[in-house]
Amino acid sequence: MQLCNYNDIKTSSLGFGCSLLTRHNTIRAAIDNLNCAFENGITHFDVANVYGFGQAETILGRFATGKRDRITITTKTGLQGRQLPLWALPLVNRARAVAKKLVQGNGTASAALTNMQPAGSFNKATIVENLNNSLKKIKTDYIDFYMLHEATIGNANKEEVIDCLEHLKKQGKIRYAGIASYADSIKNEYAALNSFYKVVQHNDSPFTEYSSALPVTEQGRLRIVYNIFLQLPLVKQKMQEANSTVNPMEALLHYFNTVNKGGITLFASTQNKNIKNTAAVWSGLSTNSQSSFTDFLKIINS
């Protein structure tokens, strides 16, 4: 597995997103996904306080026991959502299955099902409370990357927020702080982001190329990219039209392996076979295959 080396942190350049863990009806199945990722070389795990109605962190904590010194963890603060006990999650999954057809195309209803709120709360009291709850659930003393979840640049640059995060860093509860937001909501003001923030996490695709709009090298920041397979259907269509024999999933992984070199690229799956396949493809990629990468860009931009 290719590694990401950022200052004093060494982890896998391919990370596993934990947003889907509670789509399983048993904790054992969810932990099996995490173990599968770990056994296939993935050592970075991304979670948030609101994922899985507050229980994704709990599941990650059970997995992390005995492995904490061999993995890195991102969790987030800001978004608030309803908390449910683990035993209630199978009921949520059944309700989600029944309601799925009713909420297609309805952003508000979709957000309700995933427990995600449209705006976050970013102040000292919320940050401290959320972090302490996260540390307890994950059963750890520190978080490697602590992110402001769906924050704007204005939210992040508030003096109260930066002072709070700096204090938590001095206490050893977080190693690095950052902002995790949709690229469209931060790209216009990104240049004004306070230099205290050393990590920027955002969505990206070959059709948007947000990475170029959100530079990290000169700022000494680490980039974490998520939602990498969101545009897979469109990539498939483009490659079929071009009569390309290249596997679309492999092409997308190659794209992110190239444009996010030195950073961490996240994916999520509830299927162990998909986790193994993604890790295997990532491990076998060569960033030196510039000709195939150039051909891929020509196809998707045609």
Reported set for the stretch 245-257 where residues are over 21 Å from Lys198 (Cα atoms) and buried (at least 17 other Cβ atoms within 10 Å of the Cβ) is Pro248, Met249, Glu250, Ala251, Leu252, Leu253, His254, Tyr255
Residue that is nearest to Ile71 (Cα to Cα) [pool: residues in the stretch 1-57 that are out of contact with any strand residue (DSSP E or B) (no Cβ under 9 Å at 6 or more places or on another chain) and charged (D, E, K, R)]
Glu39
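Yes/no matrix, rows are residues, columns are (1) under 26 Å from Asp32 (Cα atoms); (2) open to solvent by 30 Å² or more (accessible area, probe 1.4 Å); (3) touching a strand residue (DSSP E or B) at 6+ places or on another chain (Cβ under 7 Å):
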{"residue": "Leu222", "(1), (2), (3)": "no, no, yes"}
{"residue": "Val235", "(1), (2), (3)": "no, no, no"}
{"residue": "Lys238", "(1), (2), (3)": "no, yes, no"}
{"residue": "Ala242", "(1), (2), (3)": "no, yes, no"}
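Could you list all residues from the stretch 1-31 that are of a type in the set (S, T, N, Q), outside any loop (DSSP other than H, G, I, E, B) and surrounded by fewer than 16 Cβ atoms within 10 Å (Cβ to Cβ)?
The one that is of a type in the set (S, T, N, Q), outside any loop (DSSP other than H, G, I, E, B) and surrounded by fewer than 16 Cβ atoms within 10 Å (Cβ to Cβ): Asn5.
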Please work out if Ser110 is part of a helix (DSSP H, G or I), among the polar types (S, T, N, Q) and modelled with pLDDT under 95.
yes
So which residues in the stretch 64-81 are of a type outside the set (Ser, Thr, Tyr), buried (at least 24 other Cβ atoms within 10 Å of the Cβ) and either without any contact (Cβ under 8 Å) to a residue 24 or more places away in the chain or under 21 Å from Lys10 (Cβ atoms) (or both)?
Ile73
Within the stretch 261-278, identify whether any single residue is in contact with a strand residue (DSSP E or B) (Cβ under 8 Å, 6 or more places away or on another chain) and open to solvent by 30 Å² or more (accessible area, probe 1.4 Å), and answer yes or no.
yes
Can you give me the ranges of the helices (runs of 4 or more DSSP H) entirely in the stretch 186-302 with at least 3 residues that are among the small types (Gly, Ala, Ser) and over 16 Å from the mean Cα position of the chain (by Cα)?
272-284
Can you tell me which residue within the stretch 44-62, out of those that are assigned to a helix (DSSP H, G or I) and crowded, with 23+ Cβ neighbours inside 10 Å, is nearest to the chain's Cα centre (by Cα)?
Tyr51
Under 6 Å between Cβ atoms, which residue pairs at least 6 apart in sequence (or on different chains) link something in the stretch 173-186 that is more than 18 Å from Ser121 (Cβ to Cβ) with a partner that is assigned to a strand (DSSP E or B) and open to solvent by 10 Å² or more (accessible area, probe 1.4 Å)?
Ala183/Asn203
Among the residues of the stretch 175-218, which ones are more than 28 Å from His254 (Cβ to Cβ) and open to solvent by 50 Å² or more (accessible area, probe 1.4 Å)?
Arg175, Asn188, Glu189, Ala191, Ala192, Asn194, Ser195
Matching residues, the stretch 120-152, being β-branched (Val, Ile, Thr), assigned to a helix (DSSP H, G or I) and surrounded by 20 or more Cβ atoms within 10 Å (Cβ to Cβ):
Ile127, Ile138
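The values are calculated or read from the model by the stated rules, or taken from the named source; none is laboratory data. Quick caveat, the model's predicted, so the values are computed rather than measured. Neighbour counts run over all protein chains shown; Cβ positions are idealised from the backbone, glycine included. Heads up: the accessible areas ignore ligands, DNA and RNA and are worked out on the full protein's heavy atoms, side chains in. Shrake-Rupley method; radii C 1.70, N 1.55, O 1.52, S 1.80 Å.
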